[in-house]
1. Restricting attention to strands (runs of 3 or more DSSP E) lying wholly within region 11-111, give those where 1 or more residues are at negative phi, acidic (Asp, Glu) and without any contact (Cβ under 8 Å) to a residue 40 or more places away in the chain.
2. Considering each residue of region 218-236, count those that are touching an Asp or Glu at 6+ places or on another chain (Cβ under 9 Å), buried (at least 16 other Cβ atoms within 10 Å of the Cβ) and aliphatic (A, V, I, L, M), and give that number.
3. What number of residues in region 30-76 are surrounded by 14 or more Cβ atoms within 10 Å (Cβ to Cβ) and under 24 Å from Asn197 (Cα atoms)?
4. Please go through region 73-100 and give me each residue that is under 26 Å from Ile48 (Cβ atoms) and hydrophobic (A, V, I, L, M, F, W, C), ordered by number.
5. Any residue at all in region 35-46 that's within 17 Å of Val150 (Cβ to Cβ) and aromatic (Phe, Trp, Tyr)?
6. Which of (1) at negative phi; (2) out of contact with any helix residue (DSSP H, G or I) (no Cβ under 8 Å at 6 or more places or on another chain); (3) surrounded by fewer than 18 Cβ atoms within 10 Å (Cβ to Cβ) is the odd one out, the single condition Asn154 does not satisfy?
7. Restricting to region 157-172, and then to whatever is more than 14 Å from Ile193 (Cα to Cα) and either at pLDDT 85 or above or hydrophobic (A, V, I, L, M, F, W, C) (or both), can you tell me which residue is surrounded by the fewest Cβ atoms within 10 Å (Cβ to Cβ)?
Amino acid sequence: MLKLENLCMTVNGDNGQGREIIRGLNLEFEKGKIYAITGPNGGGKTSIAKLVMGIFKPNSGHIYLNDEEITNLSISDRAHRGITYAFQQPPRFKGLTIEDLIKIARPGIDQLALRGAMRDVGLCPEDYLMRDVGPGLSGGEMKRVEIAQVLARNAKVTIFDEPEAGVDLWTIQKLIGILYNKFKDNPESITIIITHNENILRICDEIMVIQNGLVQARGTREEIWHLIKDDVECKMKEQCGELLTYEI
């Protein structure tokens, strides 16, 4: 179980005054479930994810993983305990190959598992393993490479920050299939997805609506949909407009 207990985080605003981003947040995440975190922009969704990963540090409160407090652990220590983070815009590393990246994610991985992770995300190992992780890869390809890294790790807690961002509709549907097939009902995994995408929300066991650094609502899609429908549909329309000009 992953548990966030009375977490608070404050950042300095442009005027130098402190602004509370997360306010006394209490959340629990159970194994075997896919959770969605949604809500208006600036509400604290990504801040929660980065607090779990250790990218951000809370001003107060506690984070527990399987009854061990990890609040003060580094990003590396959390990664060693099984937490992984897939960024909204995957970083590119010119000079590294895709094979290098996956081996960094899981040192000692054998070729069978490495190639299996590539095939799981629809990338042919023979065509991609030795490709440079630089500007030559499209946004959709980078998303798949990052998910291949996640799959190779077999993490206990996997966080996806808006996996639909910056990719075409066809790739989004493929990513949803991967998320469903690999993480749905996985008894050893906690999966947290920050998203506004209606189709991703459909596969989640539980949806949390975050606004002003607090949980405004929490429940199944059927229980929550009427609260977020207008916002989600607006975001989907914006995304579809952007995708019309996106080249993959």
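1. Hits in region 11-111: 18-29.
2. Residues flagged as touching an Asp or Glu at 6+ places or on another chain (Cβ under 9 Å), buried (at least 16 other Cβ atoms within 10 Å of the Cβ) and aliphatic (A, V, I, L, M) within region 218-236 amount to 2.
3. 21
4. Passing the criteria: Leu73, Ile75, Ala79, Ile83, Ala86, Phe87.
5. Yes, there is a match, as at least one residue in region 35-46 is within 17 Å of Val150 (Cβ to Cβ) and aromatic (Phe, Trp, Tyr).
6. All conditions are met except number (1).
7. The selected residue is Trp170.
The values are calculated or read from the model by the stated rules, or taken from the named source; none is laboratory data. Please read these numbers as outputs of a predicted model, since none were measured by experiment. Every residue, glycine as well, gets a Cβ built from its backbone with ideal geometry; the counts of neighbours run over all protein chains shown.
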